[in-house]
Structures are given as C-alpha cells and as structure tokens.
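Please read the structure below before turning to the comments.
The values are calculated or read from the model by the stated rules, or taken from the named source; none is laboratory data. Because the structure is a prediction, the values reported are computed rather than measured. Positions of Cβ are generated from backbone atoms using ideal geometry, with glycine treated the same way; all protein chains shown enter the neighbour counts. Calculation scope for accessible area: heavy atoms of the full protein, side chains included, ligands and nucleic acids excluded. Shrake-Rupley method; radii C 1.70, N 1.55, O 1.52, S 1.80 Å.
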Amino acid sequence: MSVSLKQVQKIMRWSAVARNITSIPIAFGGVGLVVMLIAVAMGGVAGNPVAVGPYTFSSAALNPWSARLYVLLMLLAGGALVMAALLLIRAVFTDLARGNIFCEANVRRIRNLGWLTIAGGIGCWLIPVADAAYFLLTGHDDLTFRDESTLFTGLAQIVSGGFYLLLSWIMAVGLGVREDAEELQREAELVI
C-alpha cells in the first residue's frame, strides 16, 4: 500500500489540531491541581466534605498536618501520572505534526504511555485501600465510600495500557521494516 503525500499532509494537519487541543487539558489540569493542592494545604473548605478518590469525609479530617500531607501526596501522585500521560500524548502529536510518523521517539512515548496507564489502573485498586486504611487508622469514622467502579476502572486502564504496549511494539516492528527497506534501497543505489 502506497502512502500518498496528501495522506501524510492530512495526518500532519490533524495532528497539529490534536496537539493544540491536548494543550487545553494540560493547562486546565495544571491550574486545577494547584488549586486543589492549595485547598487541601489550607485544610479544605470549612463545612464542606472532602473527597479523596472514592472516599468522602468531613473537612475536620484534614485538621492534622499528617492528614493534609497524606492527601497532598496522593493528589500529587495522581496528578503527576495524568499530567505525564497528557504530555506524552502531546509529544506524539507534535512529532506527527512534523511528519515524523514512525520514529523511535513515538515508539518510546507510546510504550511509556502504556506503562503509565497500567500504573494508573493498579493505582485505582491500591489508592482506595490506602485511603481507607489511613483514615480509619487515624480515627475518622465518618468516612463514606461513594464509588464502586474502581475495580472496573482499574481493569479497563490495565487493558488499555496493554493495548498501548502492543501498539508500541507494532510501531517498533514497522519502524524496523522501514529502516531495513531504506538500507536496501541505499545499497541498491550504490550498486547502480
């Protein structure tokens, strides 16, 4: 199958649009994460419940600094995971917009995105357990569980991460085939 110049230009054009669209959640996510971190560091909003993952508890639970630090670390870990994934996606679109469709950097980025997605899925399973253990051990009995879909969300993320790893492997094979074909073409040109 031959790839025409029009198809490559179309990929480049739409990848530039996708790169710009991806910049929006990166910006809003960064600002939102900073606002949440400030709110938690200040002890939450008085009278309003605080939600961490699938658990909801009163703002009084954030009175000790140890609780604030715990919640800040959990928010930072989750926020860093999401921001890293968004930056990897934006970098892939940036390379595609430049016309670098099959390149080693995109293979590496998609592989890293797969591992980040798998880590997020495992985090969906582990963080609720860690939250419950921490807040129950520190004596906050007013903890309520508000979301039961973490099992399926985590499983979906792990499966998606597996597909990203498969995609990166397929891209690596395609890249190797292209490099072999280019080398054969250079050798053929030298012979002629």
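Using a 1.4 Å probe, what is the accessible area per residue for the chain, in Å²?
Counting only protein heavy atoms, the per-residue value for the chain is 62 Å².
With the chain treated as a Gaussian network of Cα nodes joined by springs under 10 Å, which of A91, A77, A133 yields the largest mean-square fluctuation?
Checking each option, the largest mean-square fluctuation is seen for A133.
Once Lys and Arg get +1 and Asp and Glu get -1 on their Cβ, which of L5, L87, N48 lies farthest toward the positive end of the dipole of the stretch 1-99?
Going by the charge dipole, the pick is L5.
So what J values fall out for the stretch 28-36 if you push phi through Karplus, 6.51 cos²θ - 1.76 cosθ + 1.60 with θ = phi - 60°, rounded to Hz, Gly and Pro as x?
Taking θ as phi minus 60°, the curve returns 5, x, x, 5, x, 5, 5, 4, 5 Hz for the stretch 28-36.
Select from the stretch 42-139 those trypsin sites (Lys or Arg not before Pro) which occupy a DSSP coil region and have at most 14 other Cβ atoms within 10 Å, ordered by residue number.
Loop-located and lightly packed - R98.
To test your reading of the geometry: what angle, between 0 and 90 degrees and rounded to tens, separates the Cα axis of helix 150-191 from the longest principal axis of the chain?
Here the helix axis deviates by roughly 20 degrees.
Which number do you get for Rg(Cα) / (2.2 N^0.38 Å) in the stretch 10-70?
Dividing the Cα radius of gyration by 2.2 N^0.38 Å gives 1.67.
Quick one: helix 104-137 against the long Cα principal axis of the chain, what's the angle to the nearest 10°, folded into 0 to 90?
Once rounded, one gets 10 degrees.
Over the chain, with every protein chain in place, what whole percent of the accessible area is carbon and sulfur at 1.4 Å, could you tell me?
Reported share for carbon and sulfur atoms: 71 percent.
Using Cα springs under 10 Å in a Gaussian network model of the chain, which residue among A130, A80, A181 shows the largest mean-square fluctuation?
A181
Using the Kirkwood radius built from alpha carbon pairs, what does the Stokes-Einstein equation give as D for the chain at 37 °C and 0.692 mPa s, in µm² per second?
167
Pop the C-beta distance of V17 and L190 into the FRET formula with R0 = 41 Å and round what comes out to the nearest 0.05.
For R0 = 41 Å, the calculated efficiency reads 0.50.
Just from its helices, what would the mean residue ellipticity at 222 nm be for the chain, if runs of 4 or more DSSP H residues each count -39500 (n - 2.57) and the sum is divided by every residue, rounded to the nearest 500 deg cm²/dmol?
Mean residue ellipticity at 222 nm (helix-derived): -28000 deg cm²/dmol.
Taking the square root of 5 times each eigenvalue of the Cα gyration tensor, what semi-axes in Å does the equivalent ellipsoid of the stretch 31-126 have, largest first?
Those come to 36, 14, 9 Å.
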